[in-house]
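The values are calculated or read from the model by the stated rules, or taken from the named source; none is laboratory data. What you see is a predicted model, and the numbers here were worked out from it, not measured in a lab. Note that each Cβ is placed from the backbone with ideal geometry, even for glycine, and that neighbours are counted across all protein chains shown. Remember, those area values only see protein heavy atoms, side chains included, never the ligands or the DNA or RNA. Shrake-Rupley method; radii C 1.70, N 1.55, O 1.52, S 1.80 Å.
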Amino acid sequence: MLGQTLKERYKLTRILGAGGFGQTYLAIDIQQSNRPQYVVKQLRPASQDKTFLAVARRLFDTESKTLEKLGNHAQIPNSIDFFEEDNEFYLVQEYIDGHSLEDEIKQVGKFSEAQAIALLKDTLPVLSFIHDNHVVHRDLKPDNLIRRRSTDEIVLIDFGAVKEIRTHLITGERTGLTIGIGTQGYTPSEQLSGKPRYSSDIYALGMTVINAVTGKSPTELPESLGSLEPQWRDYAEVSPGLALLLDRMTRRYSHQRYSSVDDVLHDLGRL
């Protein structure tokens, strides 16, 4: 598809990612004089059955409108367009010019406590906005946090809602869609069993910050034999206060974690 123009508007210029049921492209808008760049996500149905497509179409429309509403926040990519062409579905979103937190951690090495707190202060408010709109991100990790080049702020990308659409297009089933959405090490047990909640995102952000202060991915960290929680403190240089906050963010069981972003911000403000 590279080089093709969708909707007589979006010319596909580069592949950003690929999967069995769709690809992600960088595109230019040829209908605008300044030729802005966008991210185009292709979602290809597994079946052309009319009933299958009708249900998939409804889900695509609902979730696309959710992403459109979330895109009103400065730290979430704007939703530019969503459409269907030749029985394939496309999401068009703002392209964020910057680098991922994953690349930043590799370059910087271990974050200092000040850098870790700054990351929390930059990310928690946008997470609060998402939760206020009754959405759980479900795939928060360093690779999905982009530091925008022009403002240096963190932008949250790749919502689980897009993966949910893709899962439906593969299976045709609405039930159990949350299973398998997430990334090993950043996804808590309740989300793996198909029951994500707001504290699941808090867990993922906590593991992201632990990754930053230790320089190690969650899968590289040993686990406590008793609680099966990550044993990370020996690899980081942070105060007892921040360590306690991160530990509470990443408790194995959701009822032991912070239940809301506001609670995390309250304790963060006391450090």
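Quickly run through the stretch 61-76 and pick out the residues that are modelled with pLDDT of 85 or more and open to solvent by 10 Å² or more (accessible area, probe 1.4 Å). Please lay out each step first, then the result.
Here is the first cut: in the stretch 61-76, the residues modelled with pLDDT of 85 or more are 61, 64-76.
Across the stretch 61-76, the qualifying residues are 61, 65, 66, 68, 69, 72, 73, 74, 75.
Does residue 26 satisfy the criteria of being part of a helix (DSSP H, G or I) and either over 20 Å from residue 7 (Cα atoms) or among the hydrophobic types (A, V, I, L, M, F, W, C) (or both)? The answer is no for residue 26. If you go through the stretch 9-56 and pick out every residue that is under 24 Å from the mean Cα position of the chain (by Cα), of a type in the set (Lys, Arg) and modelled with pLDDT of 85 or more, you end up with 2. Checking 49, 29 one by one, the residue that is farther than 19 Å from residue 135 by Cβ, of a type in the set (D, E, K, R) and open to solvent by less than 20 Å² (accessible area, probe 1.4 Å) is 29 and no other.
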